[in-house]
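A quick write-up on the structure given underneath.
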Amino acid sequence: MTSYIRAVGAYVPQKKLSNDDLSKIVDTSDEWIYSHTGIKYRHIAAPEEATSDLAVAAARLLLDRAGLDAGIIDCIVLSTATGDYHGFPSTACVIQDKLGLDEIPAFDVAAGCTGFIYAVEIARSLMKANDYQNVLVIGAEKLSDVTDWTDRNTCVLFGDGAGAVLLSQADQDDLKGRGVLDSVLHAKGSGNQYLAVPSGGTADKNGENTCLYMDGRAVYNFAVKAMKDTIVELLERNGLTIDDIDYVVPHQANFRIINACAKRLGTDSSKFFLNIDQYANTSAASIPIALNDMVSKGLLKSGMKIITVGFGAGLTYGGNYLIW
Ligand code: ACO
């Protein structure tokens, strides 16, 4: 049996904030933000909208689109860095309740912006070990709640949203080669201080800074190498070259990071799907939102070879290789 992506869905909050809107809050400009990041807009959740609400909206859209009932879901794996609650309960359990489900396992994965990639591999492994038929894998974030809206270095970079995929199992012969075939997962914990919400946890005693902190330059340098190394590792493990890949679906953090990665691989950046202009960096949600956009645009055809690749807080990095 092989796991494959049977359906996708995504949801972003209604409120759309432009670069010009931000330039009224902090000392920045559309020109600076777009030229340094590729971002034009980001969506911001309403105060009463929690991460679980974004995730449930994405999951419902996925189920409606595929004509499936939530009752088929055997397990929920949520990847988030901005859960509904601090520590516990897990947001996946809240999602299970909101979807009207009971008994099935539900848990959160914390791997920063690489979270969705980790969650897909965890789900795939659980499906093999426990014979789950359908696992709902979600990436969802309300980053606006941990954003310092007075810090131009970070507040222009992030947005809220959720994306979901349903991983199902099928016979290899029926899938004709399709499926999630491989993943590589890595972490470089020595860089944990470069991207953090410093306060609120057990390591912090003053509890003052509950907003996101980032050393942008350090993360940038790490990201280009991590993305390139991950893609090369996946290609080598699977006997492929970059020319065999139809699309790379990267974590949408900064189009300059993505372009630099494409350049180091000696390939055209048009192979890398980009939608950062519309959503900014939605952390663990960015790859499933990108997959959803690609499906909506009719870009993904059966048999296409796809690599997802990402990096994030931890510092984590990794990727999945799949045939659509
Ligand atoms: N508007 C105007 N000027 C700004 C802004 C802004 N929004 N932000 C920073 N600047 C200024 C800085 O203050 C600095 O000014 P100074 O020279 O007078 O001090 C100048 O622009 C250049 O700053 P740099 O940090 O060198 O700018 P850089 O070109 O490196 O771009 C950026 C910064 C976009 C953050 C880049 O470093 C980057 O993309 N880093 C990685 C970010 C990332 O990927 N984050 C997410 C990773 S994981 C996750 O997704 C959670």
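The values are calculated or read from the model by the stated rules, or taken from the named source; none is laboratory data. Worth saying up front: this structure is predicted, and the values here are computed from it rather than measured. Positions of Cβ are generated from backbone atoms using ideal geometry, with glycine treated the same way; all protein chains shown enter the neighbour counts. The protein model used for the area step is the full one, side chains on, heavy atoms only, and it has no ligands, DNA or RNA in it. Shrake-Rupley method; radii C 1.70, N 1.55, O 1.52, S 1.80 Å.
Numbers at a glance
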read-out	value
Total residues in region 171-203, condition within 16 Å of the ligand (Cβ to nearest atom), open to solvent by less than 40 Å² (accessible area, probe 1.4 Å) and part of a strand (DSSP E or B)	2
Selection count, region 150-170, where residues are out of contact with any Phe, Trp or Tyr (no Cβ under 6 Å at 6 or more places or on another chain) and part of a helix (DSSP H, G or I)	3
Condition broken by Leu157, with the remaining ones in (1) within 23 Å of Gly314 (Cα to Cα); (2) modelled with pLDDT of 95 or more; (3) away from the ligand (no atom under 14 Å from the Cβ); (4) open to solvent by 20 Å² or more (accessible area, probe 1.4 Å) satisfied	(3)
Conditions (1) within 12 Å of the ligand (Cβ to nearest atom); (2) closer than 23 Å to Ala50 by Cα; number of the one not met by Arg152	(2)
Single residue of region 292-324 satisfying the filter (free of Cβ contacts under 8 Å to residues at least 12 places away in the same chain and within 27 Å of Gln172 (Cα to Cα)) that is most open to solvent (accessible area, probe 1.4 Å)	Ser296
Residue under evaluation Asn259, criteria (1) free of Cβ contacts under 8 Å to residues at least 60 places away in the same chain; (2) buried (at least 18 other Cβ atoms within 10 Å of the Cβ); (3) among the polar types (S, T, N, Q), criterion not met	(2)
Qualifying residue in region 56-77 (condition: touching a helix residue (DSSP H, G or I) at 6+ places or on another chain (Cβ under 8 Å), open to solvent by 10 Å² or more (accessible area, probe 1.4 Å) and closer than 30 Å to Val26 by Cβ)	no
Among the residues listed as Thr37, Thr2, Thr114, Thr80, the single one being closer than 30 Å to Asn130 by Cβ, open to solvent by less than 10 Å² (accessible area, probe 1.4 Å) and of a type outside the set (Gly, Ala, Ser)	Thr114
Output for region 18-27, where each listed residue is in contact (Cβ under 8 Å) with a residue 24 or more places away in the chain and open to solvent by 20 Å² or more (accessible area, probe 1.4 Å)	Ile25, Asp27
Any chance Asp243 is acidic (Asp, Glu) and either in contact with a strand residue (DSSP E or B) (Cβ under 9 Å, 6 or more places away or on another chain) or modelled with pLDDT under 95 (or both)	no
Flag if Leu143 is open to solvent by less than 40 Å² (accessible area, probe 1.4 Å), under 21 Å from the mean Cα position of the chain (by Cα) and away from the ligand (no atom under 16 Å from the Cβ)	no
Condition check for Ala123: farther than 30 Å from Ala218 by Cβ and modelled with pLDDT of 95 or more	yes
Condition met for Asp30 (within 25 Å of Ile258 (Cα to Cα) and either of a type in the set (Asp, Glu) or open to solvent by less than 50 Å² (accessible area, probe 1.4 Å) (or both))	yes
Residues within region 18-33 that are within 8 Å of the ligand (Cβ to nearest atom) and assigned to a helix (DSSP H, G or I), tallied	3
Number of positions in region 204-231 that are more than 14 Å from the ligand (Cβ to nearest atom) and surrounded by fewer than 16 Cβ atoms within 10 Å (Cβ to Cβ)	7
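Residue-wise test of (1) open to solvent by less than 30 Å² (accessible area, probe 1.4 Å); (2) closer than 22 Å to Gly319 by Cα; (3) among the basic types (Lys, Arg); (4) not in a helix (DSSP H, G or I).
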residue	(1), (2), (3), (4)
Glu49	no, no, no, yes
Leu101	yes, no, no, yes
Tyr118	no, yes, no, no
Leu126	no, yes, no, no
Val135	yes, yes, no, yes
Asp148	no, no, no, yes
